[in-house]
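Following: one structure in structure tokens, then a few remarks.
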């Protein structure tokens, strides 16, 4: 095999999900080349990742979207011979891999969680309620891998960086502006700690209590669909099959009964805590630590003591 | 502006799916089916464009078995003007892959020449999340994916990213848009509109009639359920919880 790993870059730095994608490439085997589209310093950093034999740097100051990166992938494939094109299941990977695959007439395999040799992969479907073992027969296999399922590769390598020229894509949008979340809280999908509230919160104002706990633990606030449907919080906070799928180190479900569609969105969290006054709530069947209590007493006490 | 919107019939989001006995697929027998939630958002966006007099016609397209016509009727009841049903007996959760779907939609787009194509960001059955980007790729047009807000006057789209949102200006139409969760909140079809939708036209044709050659690189060897999460313990009080989180799980 000969893999091309499309790096996630974060301005002048390499994004950490790149390290997981390189590990997945290592499990496939063979030679590993990293494609870095954007900043030169970030591309150089990709050369420090263990297992990388070469970095292709496609320099651009313009917006790096799926259109541009798919063009860079095509340029890399024209300059070398690859059996696999791999990216993390990040914003960049989710945009670039399918676009590049369609151009190559290939069927992407997305969100891979296990590699079984060169052509067989395991991926979730139905929000992780079923796993599919998929064999891909395309000449060049295009895939995205879920970063949390692959360890981060080590660093200390010094692979050479080569310039790659690519044509500008006329379809590529221009960057206008970016806005991070208004608060200092981390993004829900990337947070190490998520404090989520359900219908038991009774109203939107009571979510302030969860924000205080989230701030103390450096986490993000989420919600169940029931809380969103009841109008307590905006739907961008929704965790679940029709919302965001999260897998933090610590997930605290407060006043959430645990409907199947919510469980799908958080059951891969490392440690799950449930606080609910109904001891029959299904959420307790997936939680590591359950506390049967009135959340309006328990949450302030937890905030004070943790 | 004419808008083409994709709608997919999938297992309802509230159903707990089970793997079939042969471990080749999820069991779809006697399971409640609904419109894919992200497709509902796409339809809502298209209908709002019609109501704002920005879109002249909203065409809903669905690919699937006979019963997908019901999903198209729902889109028509929400406000789409007419439907196109591309019929197939292939399972749309795993046999008909995103490349084939993108090819079919590209062919429909060639025949209908819409200015904007709005799809859901992913379907909640196969969870591939590829169709929008692949369709845009085959059509060589911009892909405005994970849209949280679309402004057709300014040609800008606010997109969900890994860390928040970004606003980009797309070079123009035609373009493909994929709907993310906060783009809008879809309406429920009202009874009078459901009645009216029965009179709207749905054109049905098979993939063969459309003249699209399918290509599928993925073969599902096995479908299985993830290992169940082991049930944990109940703690007595907040002190007990804090102790476990600090000393056993080491997460705080």
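Quick note: the coordinates plus some simple rules give every number you see, no bench work behind them. Nothing here was measured: the structure is a model prediction, and the numbers come from that model. When we count neighbours, we look across all protein chains shown, and the Cβ atoms used for this are built from the backbone with ideal geometry, even at glycine.
With semi-axes defined as the square roots of five times the eigenvalues of the C-alpha gyration tensor, the equivalent ellipsoid of the range A:2-163 measures 23, 17, 15 Å, largest first.
Semi-axes of the equivalent ellipsoid of chain A are 40, 20, 17 Å, computed as sqrt(5λ) over the eigenvalues of the C-alpha gyration tensor in descending order. Helix A:66-79 sits at what angle to the longest principal axis of chain A, using alpha carbons and giving 0 to 90 degrees rounded to 10? Computed tilt is about 30 degrees.
Size descriptors for the protein assembly as shown, from the alpha-carbon set: Rg then Dmax equal 23.2, 68 Å. Of all beta bridges that DSSP places with both ends in the range A:2-163, some 30 percent have antiparallel geometry. Each 5 Å bin from zero holds the following percent of Cα-Cα pairs in chain B: 1, 6, 12, 16, 17, 14, 11, 8, 5, 4, 3, 2, 1, 0. Sorted ascending by nearby beta carbons within 10 Å, beginning with the fewest, B:156, A:144 become B:156, A:144. Judged by the ratio a/c of the largest to the smallest principal axis of the C-alpha gyration tensor, the range A:105-203 counts as oblate, that ratio being 1.5 or greater while a/b is no larger than b/c. Here the protein assembly as shown carries DSSP beta bridges of which approximately 35% are antiparallel, counting only pairs with both residues inside. GNM on chain B, alpha-carbon springs under 10 angstrom: the most fluctuating residue among B:67, B:197, B:80 is B:67. Remark: mean inter-chain Cβ contacts per residue of B:56-69 equal 0, using a 10 Å Cβ-Cβ cutoff to other protein chain atoms. The GNM of chain A, with springs linking C-alpha atoms under 10 angstrom apart, assigns the highest mean-square fluctuation among A:244, A:54, A:279 to A:279.
With a 10 Å Cβ neighbour count serving as the proxy for reagent exposure, in which order, fewest first, do B:127, A:8, A:294 appear?
Numbers: B:127 21, A:8 26, A:294 12.
By the 10 Å Cβ count, ascending, the order reads A:294, B:127, A:8.
Helix A:17-28 axis versus longest C-alpha principal axis of chain A: approximately 60°, rounded to the nearest ten. With Cα atoms defining each centre, the range A:17-95 and the range B:160-227 are spaced 29 Å apart in the structure. At q = 0.12, 0.13, 0.20, 0.21 Å⁻¹ the log10 of I(q)/I(0) for the range B:1-64 amounts to -0.43, -0.48, -0.79, -0.83, computed by Debye summation with a single uniform scatterer per C-alpha, solvent ignored.
Taking every residue in A:279-288 and counting other chain Cβ atoms within 10 Å of its Cβ, the average works out to 3.
In this label model, residue B:193 and residue A:174 are separated by 3.7 nm, measuring between points 7 Å along each Cα→Cβ vector.
Histogrammed with a bin width of 10 Å, the alpha carbon distances of the range A:188-305 distribute as 16, 55, 29, 0 percent, first bin at zero. Arranged from fewest to most other beta-carbon atoms within 10 Å of their beta carbon, A:217, B:221 become B:221, A:217.
Take the Cα of residue A:120, go 7 Å toward its beta carbon, and the backbone nitrogen atoms of the range B:213-230 under 14 Å from that spot belong to B:219-224. Here r is the Cβ-Cβ distance between residue A:162 and residue A:13 and R0 is 30 Å; the resulting FRET efficiency, rounded to 0.05, is 0.90.
Take each residue of peptide A:295-301, count the partner chain Cβ atoms within 10 Å of its Cβ, and average: the result is 2.
Computed from Cα positions, the angle between helix B:68-78 and the longest principal axis of chain B comes to roughly 80 degrees. Where both residues lie in chain A, what percent of DSSP beta bridges are antiparallel, nearest 5? If I count the DSSP bridges inside chain A, around 20 percent turn out antiparallel.
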